[in-house]
Amino acid sequence: MATAEQADACYQHSAKRIKDMSEEGYGEGWEPFQMCFWMKDLNRGYLFKFKKDGILESTEIVTEEPTGISAVVIMSSDDWVGQHTKEVDLAEKYYSGEMQIKGDVAVLQQYKVFASYEPYYPPGHPKHKG
């Protein structure tokens, strides 16, 4: 199991990258949406709220699984960190049933626009360079 510190480091890394990218017009024409990546083993999640045109409005760490938002991705902390290190394929996890999505799957496709092509290794990962 990945540690909360590793998962949080990946969240912070993602939030900064998404904020920068969202201001460059990557989500032009999108309606507002909210996504949460819920770590079932850590009992916490990472909530991302987007305004119209995919502009990142806010992010936060939540300790209760949110309801009434566009989508919640339920996954393990290992898969969350693994997607950032490029050691895990989330589509494969979804189709195998290891990851669950509640809500609008289409917003996950929108969110993927912000995915990094470069691996990120959080502190504590064997490949971390700090």
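Points to keep in mind about this one:
- Accessible-area value, Arg17, 1.4 Å probe, nucleic acids and ligands omitted, Å²: 50
- Positive contributions from Lys and Arg (+1) and negative ones from Asp and Glu (-1), summed over other residues with Cβ under 13 Å from the Cβ of Tyr117, come out at +2.
- The stretch between Glu57 and Gln109, if pulled fully straight at 0.36 nm per residue, gains 16.9 nm over its current Cα-Cα span.
- Projected label distance in nm at Lys129 and Tyr26, using a 7 Å step from Cα toward the beta-carbon: 2.2
- Average projection, convex hull of the Cα set of segment 1-61: 3.9 square nanometres.
- Using only alpha-carbon positions in segment 26-80, the gyration tensor eigenvalues give semi-axes of 22, 11, 9 Å once each is multiplied by 5 and square-rooted (largest first).
- Rh (Kirkwood; distinct C-alpha pairs) - the chain, Å: 14.8
- Highest mobility in the GNM of the chain, judged by mean-square fluctuation with C-alpha springs under 10 Å and restricted to Pro119, Pro32, Pro66, is found for Pro119.
- Across the alpha-carbon set of segment 51-100, the Rg to Rh ratio works out to 1.01, Rh being the Kirkwood radius.
- Normalised contact order of the chain, rounded percent, pairs of Cα under 8 Å and 6 or more residues apart: 26
- Surrounding net charge for Lys127, when Lys and Arg each add one and Asp and Glu each subtract one, Cβ distance under 11 Å: +1
- Long-range lysine pairs (8 or more apart or interchain), segment 61-130, Cα under 16 Å: 5
- Cut-off 15 Å between beta-carbons: net charge of the residues surrounding Glu24, Lys and Arg +1, Asp and Glu -1: 0
- Full-extension gain in nm, Asp89 to Tyr117, via 0.36 nm per residue minus C-alpha separation: 8.8 nm
- Remark: segment 31-130 carries 55 Å² of accessible area per residue (probe radius 1.4 Å; ligands, DNA and RNA excluded).
- Probe 1.4 Å, all protein chains present, accessible-area order of Val88, Val113, Val107, largest first: Val113, Val88, Val107
- Computed with a 1.4 Å probe over protein heavy atoms only, the accessible area of Thr63 comes to about 100 Å².
- Calculated mean residue ellipticity, 222 nm, the chain: -9500 deg cm²/dmol, from DSSP H runs (n ≥ 4) at -39500 (n - 2.57) each, averaged per residue and rounded to 500.
The values are calculated or read from the model by the stated rules, or taken from the named source; none is laboratory data. Since the model is a prediction, treat every value here as computed from it, not as a measurement. All Cβ positions, glycine included, derive from the backbone under ideal geometry; neighbour counts span all protein chains shown. Calculation scope for accessible area: heavy atoms of the full protein, side chains included, ligands and nucleic acids excluded. Shrake-Rupley method; radii C 1.70, N 1.55, O 1.52, S 1.80 Å.
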